[in-house]
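Working notes for the structure below.
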Amino acid sequence: MNQQIIDLLRKIADLLEIKGEVIYKILAYRKAADSLENLGGDIREAWRQGKLTEVPGVGKAIAEKIDEWITTGRLEFLEKLQAEVPGSLVELLQVTDLGPKKAALFWKQLGITNLSELEAAARAGQLRDLPGMGEKSESRILAGLEALARRSDRAPLGKAWPFAQELLAYLRSIPGVQQVQIGGSLRRMSATVGDLDIVAGASHSLPVMQAFTGHPDVVRILGQGETKSSVEFSHHLSAQLWVLPPERFGTALQYATGSKDHNVRLRELALKKGLSLSESAFQRPDGSEILCASEAEVYDQLGLPFIPPELREDRGEVQAALAGTLPILLELSDIRAELHAHTTWSDGKLDIRQLADAALQRGHKALAITDHSGSLGVAGGLKIEDLRAQRAEIDAVQAQLGDSLRLLQGCEVEIRADGSLDFPDQVLASLDIVIASLHSSLRQERQQVTQRLLKAIENPHVDIIGHPTGRLIPNREGADLDMEAIFQAAAQHQVALEINAHPSRLDLDDAHARRAIQSGVSLSINTDAHSASDLDLLFFGVATARRAWSTTEDVLNAWPVERLLSWLESRR
Ligand code: DGT
Ligand code: CA
Ligand code: ZN
């Protein structure tokens, strides 16, 4: 329900924008959608209590529309709007770099209303002659369409995770359910997930299955059985639920967590011990069973220590477990510092004091204020002249905070298209920490964009490279970088590479982060916070680092703060 209302408001905003409506109206819908998304509670409940207009950004007009939609299941305003602007046009906005202006152009000039018509027109070479287009932008659109097809229906972790939590809470509330856990790629914390896999332990499966298939967001039942059912939800996510007796919960959860390749390894090990392994039990040749109520018992039965789900990708974890060389993985509570965060000095929502309070609340011991440098127009970046006043403010807040939190003055300095940095060296030298990031010209040739990043790594003032590839999940691939060259240079110059924890980035990804570690590069896991709640995204970054076999030693901001500070000091 929440998601449907949020999607509805976003759709209105997109259609208004394609229509060419004044910007403040469009932003009003987006703001309301964001704010409802952050509400944390049930929108229908707020509606029932007549409290919708108390949600920031939800005015009378929008509250009335939500009311009409909940009460009647329809929205006249949207129907009228779709009579003017075809609703299917919003599909086009999923294509990377295709905004509402272009969508409007294609529609008005060529009558394109959906993705397949867009693809046909692009293939026929009809887009290149439109105003503001060209052969290059036409082929970019084709590439975007291909990327979109490739990603198929995989949901980003940041979308699947909160929905799965809702679903787990729902299932836990069903009488007779003793345990419920998420499995599958979501439990392994993959950056995107194909579907949700959930395992419940209950003596009677029928009531649990009925509650599952009867969930209010279910639009289709894909399969229904005694131990397994699967459904599709309104926002394109599907889920399967296994229900087994509690004494078999361990094997079921292990099976459903996967990955498939990891499970194949475990079954091989079981066979060597003369056992077969399935989701319901180990079986001896005589047909008798060994039941496992917990997952740890499954691993124990195979003579293995518990293998954390994030490692279960058949990337050497079973061999390491057998050899007793599994890494002691980094944990969320090991992170002591946020090294990438924005304030009102650029595009952040909080001032320095507010951000510091939010970091303190989350147990951080150090916080770097890293606002954007000036050239990144959209982000309202810092001018060189601003840095002195910002330093004074940081000093003043530091005096208020005392020893509780160490503040650092930093900057997220833009790597320009030619590889030079936005601030001159003597300015960078005055800062406590420097993150260099690419935000534009990501589609340069491999050699050119790699050189750009290498040049930034070689700058003696740069400490961290922010979101190194610039990918955006689900639909913008990162820059075409020679990653091995980047890892070598970063190791040589002792520049850390970021795992940007925002679920739309997770950049470096798990595979790159693992290669980085193997190459002797330090990582920095940062949220790139623009608000207080962004600081909580750290969880996704830590999960990605765990998938990369990361220990505390590999991560700057998991070091004791004194060590981090002396590392920074030694580089100035
Ligand atoms: P996804 O949904 O594409 O992001 O990836 P997973 O890993 O969640 O895979 P999914 O949903 O197809 O299956 C869930 C789990 O079920 C998987 O992680 C392991 C188990 N599984 C599925 N098919 C097989 C199979 O053929 N053999 C074995 N051993 N396990 C399987
Ligand atoms: Ca799955
Ligand atoms: Zn940033």
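The values are calculated or read from the model by the stated rules, or taken from the named source; none is laboratory data. Quick caveat, the model's predicted, so the values are computed rather than measured. Every residue, glycine as well, gets a Cβ built from its backbone with ideal geometry; the counts of neighbours run over all protein chains shown. Ligands, DNA and RNA are stripped out before the accessible areas are found, and what is left, the full protein with its side chains, is counted by its heavy atoms. Shrake-Rupley method; radii C 1.70, N 1.55, O 1.52, S 1.80 Å.
If only residues of segment 260-280 that are open to solvent by 40 Å² or more (accessible area, probe 1.4 Å) and within 16 Å of ligand 2 (Cβ to nearest atom) are counted, the one that is farthest from residue 311 (Cα to Cα) is 279. For segment 66-92, the set of residues classified as touching a residue at least 60 places away in the same chain (Cβ under 8 Å) and either in the same structural domain as residue 474 (by TED's automatic domain parsing) or open to solvent by 40 Å² or more (accessible area, probe 1.4 Å) (or both) consists of 69, 77, 82, 84, listed by residue number. Of all residues in segment 424-462, those satisfying the criterion of being part of a loop (DSSP other than H, G, I, E, B) and open to solvent by less than 10 Å² (accessible area, probe 1.4 Å) are 431, 438, 462. Limited to segment 238-259, what total is found for residues that are away from ligand 2 (no atom under 16 Å from the Cβ) and either free of Cβ contacts under 8 Å to residues at least 60 places away in the same chain or basic (Lys, Arg) (or both)? Residues in segment 238-259 being away from ligand 2 (no atom under 16 Å from the Cβ) and either free of Cβ contacts under 8 Å to residues at least 60 places away in the same chain or basic (Lys, Arg) (or both): 7 in total.
Screening the candidates 314, 286 for the property of being of a type in the set (Asp, Glu) and without any contact (Cβ under 8 Å) to a residue 24 or more places away in the chain yields one hit, 286.
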